[in-house]
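Notes follow once the structure below has been shown.
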Amino acid sequence: MRILVLGGTSFVGRAIVDDALRTGAEVTLFTRGRTGRDLFPAAARLIGDRDTGDYAALGTGRWDAVVDVSGYLPRHVGQAMDALGDRVGRYLFISSQAVYTRTGPGSDESTPRRAPVRDTEELSEDTYGPLKAACEDDVTARYGGRATIVRPGKVAGPHDPQSGLTYWVRRAARGGRVALPGRPEQPVQLVDSRDLARLVVRLLEDDRPGAFHAVGPAEPTTLAGLITTCAEVAGAQVEIVPVPADTAPPFFPLVHAEPLWPAQRRSPARARAAGLPATPLAVTAADVLAWDRARGEPPLGHGFSPEDEARLLARG
Ligand SMILES: NC(=O)c1ccc[n+]([C@@H]2O[C@H](COP(=O)([O-])OP(=O)(O)OC[C@H]3O[C@@H](n4cnc5c(N)ncnc54)[C@H](OP(=O)(O)O)[C@@H]3O)[C@@H](O)[C@H]2O)c1
């Protein structure tokens, strides 16, 4: 199978490329050539830039499928589709759970989405989901039954540039009293990047249209369950100490106010039936811990610093 990946050298796309190569697919990467230059010597490389609309490198070639990991704006997908036309069999777009409201009801793929937005190119917390919704619609309008939409929830795994699971894995491994500026019973969904990748490649292999939630882990969990699992994996002992939400810096990893909990209860049933694996959270946490240690635990930029957390806990 010949697969073109728009992106593929950071985290989500990197896992997809890994999986595709493992299955023996012929992979071509289209990027600016900045990130992960030494990765994947077995893959062909094409250079372009979605921001400036430079798709000249896609002027020739045929692929069974394209996986669009780096599309965030309707212009990105529109120009890629114009460039590729019918020289790709299937167009699989990596969307997001952000196409849904975080407070609304619904757990499966028929959950009403937020209204698509096309009149801005500014990506923010407010526009990210509606822009992705517009991308979904444009891909589906152009490719019909040859369009596939994958909507990941929060993704976790080695090479994650964000601080979601990594913060808790690292914090739990230190052991002791752990400040939690949220509710221990808050539901948490995290999909292992390797499971997401397997789903994507299976959908291409099976030539399957439609929309699929990529959410995990295998068993429903909570913040307390996640922190405990992270501690067990590291062989550490922790005591979870709830602290007031207003003590937390903004965007505290994986912590959400109660009105946003419905977004942590999406159903993976359709994706599971299509081949989404269910890696246990303990495995994901162990692999993130090993990767984070191997890279030397650089600053994460989110969560409590050890000093701030100690001061907060000392206040009682
Ligand atoms: N992380 C999560 O929790 C999460 C959750 C839901 C959805 N998602 C979705 O997952 C995708 C993000 O995955 P990722 O960033 O980890 O994917 P990735 O494909 O591994 O990395 C991004 C790729 O895009 C390329 N790229 C960046 N800017 C470009 C440009 N202007 N023109 C051409 N190529 C460009 C980068 O290479 P160069 O720098 O060399 O160009 C890199 O290969 C997004 O679609 C996001 O919405 C993520």
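The values are calculated or read from the model by the stated rules, or taken from the named source; none is laboratory data. Being a predicted model, the structure only gives us computed values, none of them experimental. Here the Cβ positions follow ideal geometry from the backbone for every residue, glycine too, while neighbour counts run over all protein chains shown. These area figures cover heavy atoms from the full protein model, side chains too; ligands, DNA and RNA do not enter into them. Shrake-Rupley method; radii C 1.70, N 1.55, O 1.52, S 1.80 Å.
Between the helical axis of 281-294 and the dominant principal axis of the chain, each derived from Cα atoms, what acute angle in degrees is found, rounded to the nearest 10? The helix 281-294 is inclined about 90 degrees to the chain. With both labels modelled 7 Å from their Cα along Cα-to-Cβ, the Arg102 to Arg32 distance reads 2.7 nm. Computed from point charges on the beta carbon alone (+1 for Lys and Arg, -1 for Asp and Glu), the dipole magnitude for the chain about its Cα centre is near 320 Debye. Go from 0 up to the bin containing the longest alpha carbon distance in the chain, width 10 Å each, and give me the % of pairs per bin. The distribution over the chain is 6, 26, 34, 23, 9, 2, 0, given as percents.
For the range 23-82, a simple Cβ point-charge model (Lys and Arg +1, Asp and Glu -1, everything else neutral) yields a dipole of about 140 debye relative to the Cα centre. The Kirkwood hydrodynamic radius of the range 2-152, based on inverse pair distances between different Cα atoms, is 15.8 Å. Ordering of 274-281, 123-130 by packing is 274-281, 123-130, highest average first (other Cβ atoms within 10 Å, averaged per residue). Among Ser110, Ser193, Ser96, the residue with the largest mean-square fluctuation in a Gaussian network model of the chain, with springs joining Cα atoms closer than 10 Å, is Ser110. Note that the chain presents 44 Å² accessible area per residue, ligands and nucleic acids not counted, probe 1.4 Å. Between the helical axis of 164-174 and the longest alpha-carbon principal axis of the chain there is an angle of about 30 degrees. Residues considered: Gly104, Gly71, Gly301. Largest GNM mean-square fluctuation over the chain, using C-alpha springs under 10 Å, is found at Gly301.
Angle of helix 193-205 to the longest C-alpha principal axis of the chain, folded into 0 to 90 degrees and rounded to 10: 20°. The calculated 222 nm mean residue ellipticity attributable to helices in the chain amounts to -10000 deg cm²/dmol, summing -39500 (n - 2.57) over DSSP H runs of n ≥ 4 and dividing by all residues. When only Cα pairs below 8 angstrom with a gap of at least 6 residues are kept, the chain shows a relative contact order of 19 percent. Computed from point charges on the beta carbon alone (+1 for Lys and Arg, -1 for Asp and Glu), the dipole magnitude for the range 2-152 about its Cα centre is near 320 Debye.
Only beta bridges with both residues in the chain are counted; by DSSP, about 10 percent of them are antiparallel. Relative to one another, the C-alpha centroids of the range 200-228 and the range 252-316 are positioned 15 Å apart.
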